[in-house]
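These notes concern the structure reproduced below.
The values are calculated or read from the model by the stated rules, or taken from the named source; none is laboratory data. Since this is a predicted model, take the numbers as computed values, not measurements. Ideal geometry is used to build each Cβ from the backbone, glycine not excepted, and the neighbour counts take in all protein chains shown.
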Amino acid sequence: MNVLFENLLRTTIVSSLGICILIFLKTCLFKIFSKKFNYYIWLIVLFRTLFFSISCSIEFTTKTEESYTLIDNITNFNNNHADKNLTFLFVCIWIIGVIFYLSHILIKYIRFKNLIVDTSFEVEDENITYTYKKLLTELNIKRDIPLRITDELASPAGIGLFKPYIFLLDLPYDKENIYWILKHELTHFKHRDILIKFIVVFVKSIYWFNPFVYIMSKKINSDCELCCDESVINECSPKQKKEYALTILHAIKLSNLNNMGMLVTEFTKTNLEIRIESLGKRRGRRGIILAILIFIGSCFSFIDINAQAPIKKKILSRNKTVTPSTGFSFETTDYTYATAPEDVRKLYEEKCKKIGKVPRDTDKIDIYNTDNTIE
């Protein structure tokens, strides 16, 4: 339990720092890279937060002189009960928060999806159906993704992780608009953006107490749309880019009413100015090498280095032994109650008094070196 709590706190600090660094780099250095790079670089932070329970310990043994602590083979003091109880309380509160947040989002999403699917109907316009099938072939999407009409959404959207759908509004569409709308939504499915949105929700449920995670989710949602726009207009002519931009501008008339942005891909006005501006820019560098270096650097955060394992140099008697332990080495001194020094006898008598035991001359007392704590 303590290890889990420590790993959670350490990952919270590391991921919060990583989020701040990425946001800063996106305002300067990362501008030269593609929108795809700026979007998928978030996956490094997401996977680091998901695998917070994983840690690798590297220990180095060094010699230091420490005071000793008295223990014996009958009983063992524990001065950390209060700390352990407090840690257990925090872990319970954290687990309750995770369950509440995740169940609330998933139940809300399932109800929302069922409502949309149950009230939707098939597309009857042959031009729309033809354009949709043509785009499936063009984007090499072999998965069955039904296209349906609904009145329950404020804008065209893609919904569903295991059973995906694309929904259009019951409105008249011209040939240019419907092409770009459908291509936009299919590109989201091709990029598996809904899966990433679910991962973000799961990370938010784990770190529901961390405000930096909520900031990250908004940035990921924004970068997701920019990445999709970049992919849609890749290798398009200036005229086609203009048509796509006009289609985005048309989305201003629509309002986002479903409030399910993290689990639904919508063709809306998210960061409209930034999206329109980015359409006229050339595609940036891919940044694969930099992404690999950042990933390797993040892997070092899983390593826990313990650079000190004390060994007591000063022994209280000639009768000493060495007891090995994982990552530590102890020099121990053995006494009996009859042969122990006066201060050791007093400590042992206090221990026996607490457990209701009467000291005997043959009782064995072990003295060993620690970091001044009793476990």
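Side notes on the structure shown:
- Qualifying residue in the stretch 101-111 (condition: in contact (Cβ under 8 Å) with a residue 24 or more places away in the chain, within 16 Å of Phe167 (Cα to Cα) and part of a helix (DSSP H, G or I)): yes
- If you go through the stretch 107-151 and keep only what is touching a Lys or Arg at 6+ places or on another chain (Cβ under 7 Å) and of a type in the set (Phe, Trp, Tyr), you end up with just Phe121.
- For the stretch 218-240, the criterion of being farther than 29 Å from Leu8 by Cβ, in the same structural domain as Ile159 (by TED's automatic domain parsing) and modelled with pLDDT under 70 is met by none of the residues.
- Any hit, the stretch 171-178, residues being more than 27 Å from Asp118 (Cβ to Cβ) and of a type in the set (Val, Ile, Thr): no
- Considering the stretch 159-244, the qualifying helices (runs of 4 or more DSSP H), each wholly inside and each with 2 or more residues that are without any contact (Cβ under 8 Å) to a residue 60 or more places away in the chain, run over 175-190, 211-232.
- Residue in the stretch 49-60 that is assigned to a helix (DSSP H, G or I) and either in contact with a strand residue (DSSP E or B) (Cβ under 6 Å, 6 or more places away or on another chain) or modelled with pLDDT of 90 or more (or both) present: yes
- Whichever residue in the stretch 361-375 is surrounded by 11 or more Cβ atoms within 10 Å (Cβ to Cβ) and at pLDDT 55 or above and, among such residues, is farthest from the chain's Cα centre (by Cα): Asp363
- The residues listed here are Ile178, Ile199; of these, the one that is under 22 Å from Leu136 (Cα atoms) and surrounded by 15 or more Cβ atoms within 10 Å (Cβ to Cβ) is Ile178.
- Which listed residue, of Val123, Val91, Val98, is of a type in the set (A, V, I, L, M, F, W, C), more than 24 Å from Ser231 (Cα to Cα) and over 34 Å from the mean Cα position of the chain (by Cα): Val123
- Meets criteria (modelled with pLDDT under 75, closer than 27 Å to Thr150 by Cα and out of contact with any Cys (no Cβ under 6 Å at 6 or more places or on another chain)) for Ile274: no
- In the stretch 137-167, the residues that are crowded, with 18+ Cβ neighbours inside 10 Å and closer than 25 Å to Glu235 by Cα: Pro156, Ala157, Gly158, Ile166
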